[in-house]
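S.K.: I'd like to ask you about the structure that follows.
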Amino acid sequence: MYYYEPAKGHGLPHDPFNAIVGPRPIGWISSHDREGHLNLAPYSFFNAFNYIPPIIGFCSVGRKDSLNNIEQTGEFAWNLATRPLAEAMNQSCAAVRRRSTSSP
Ligand SMILES: Cc1cc2nc3c(=O)[nH]c(=O)nc-3n(C[C@H](O)[C@H](O)[C@H](O)COP(=O)(O)O)c2cc1C
């Protein structure tokens, strides 16, 4: 058995909290901003939370594009990343700078 009290620190090279619940599903959250720019990003703090009423969700650790988009539009799609999609899903976590329309 291993346990720790977060207030006293974990004494490990990496914070174990992120791996305590595992394996867990990865949500591939799709959204768009008010101009219609599309966005897709993986979120592991993601799950279905209730049946009636149906509640789904994910958690953004800090402010990110998905959160900004969803606040703008009030909408997102909750996609479950399956094994064949794992590599593409992983790559989609990279922050991509939007290309300006005036760029060559
Ligand atoms: C497998 C995986 C799971 C992730 N889970 C989360 C998460 O639960 N919460 C979070 O804030 N970031 C998570 N990230 C990091 C985000 O995907 C990353 O910061 C991404 O750039 C956010 O994109 P966005 O700014 O377009 O929303 C995860 C990354 C990967 C590869």
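The values are calculated or read from the model by the stated rules, or taken from the named source; none is laboratory data. As the structure is a prediction and not an experimental result, all values here were calculated from the model. Reconstructed Cβ throughout: ideal geometry from the backbone, glycine too, with neighbour counts over all protein chains shown.
S.K.: Are there any pairs with C-beta distances below 6 angstrom linking a residue in segment 51-78 that is touching a residue at least 24 places away in the same chain (Cβ under 8 Å) to a residue that is more than 14 Å from the ligand (Cβ to nearest atom), with the two at least 6 apart or on different chains, and if so which?
M.R.: 72/34
S.K.: Quick check on my filter: what residues within segment 77-92 are more than 10 Å from the ligand (Cβ to nearest atom) and under 19 Å from residue 56 (Cα atoms)?
M.R.: Correct list: 77, 78, 79, 80, 82.
S.K.: Just for segment 20-36: of the residues that are touching a residue at least 24 places away in the same chain (Cβ under 8 Å) and within 15 Å of the chain's Cα centre (by Cα), which one is farthest from residue 75 (Cα to Cα)?
M.R.: For segment 20-36, the residue satisfying everything is 25.
S.K.: Among the numbered conditions (1) surrounded by fewer than 11 Cβ atoms within 10 Å (Cβ to Cβ); (2) modelled with pLDDT under 95, tell me where residue 78 comes up short.
M.R.: (1)
S.K.: Which of (1) at pLDDT 95 or above; (2) of a type outside the set (Lys, Arg); (3) in a helix (DSSP H, G or I) does residue 18 not meet, given it meets every other one?
M.R.: (1)
S.K.: If you don't mind, there's one more thing I want to ask. Out of all the residues in segment 1-15, which are part of a loop (DSSP other than H, G, I, E, B) and of a type outside the set (D, E, K, R)?
M.R.: Residues satisfying the conditions are 1, 2, 3, 4, 9, 10, 11, 12, 13, 14.
S.K.: Filter segment 29-45 down to the residues that are more than 6 Å from the ligand (Cβ to nearest atom) and assigned to a strand (DSSP E or B) and list them by number.
M.R.: 29, 30, 31, 32, 38, 40
Residues are listed down the side, and each one gets a yes or a no for (1) hydroxyl-bearing (Ser, Thr, Tyr); (2) on the phi < 0 side of the Ramachandran plot; (3) surrounded by 10 or more Cβ atoms within 10 Å (Cβ to Cβ); (4) within 10 Å of the chain's Cα centre (by Cα):
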| site | (1), (2), (3), (4) |
| --- | --- |
| 2 | yes, yes, no, no |
| 10 | no, yes, yes, no |
| 18 | no, yes, yes, no |
| 54 | no, yes, no, no |
| 60 | yes, yes, yes, yes |
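S.K.: Something else about it: Restricting attention to segment 16-44, report how many residues are under 18 Å from residue 62 (Cβ atoms) and out of contact with any helix residue (DSSP H, G or I) (no Cβ under 9 Å at 6 or more places or on another chain).
M.R.: 2
S.K.: Which of the residues spanning segment 51-77 are more than 16 Å from residue 28 (Cα to Cα) and either part of a loop (DSSP other than H, G, I, E, B) or touching a Phe, Trp or Tyr at 6+ places or on another chain (Cβ under 9 Å) (or both)?
M.R.: Passing the criteria: 51, 52, 53, 54, 55, 62, 63, 74.
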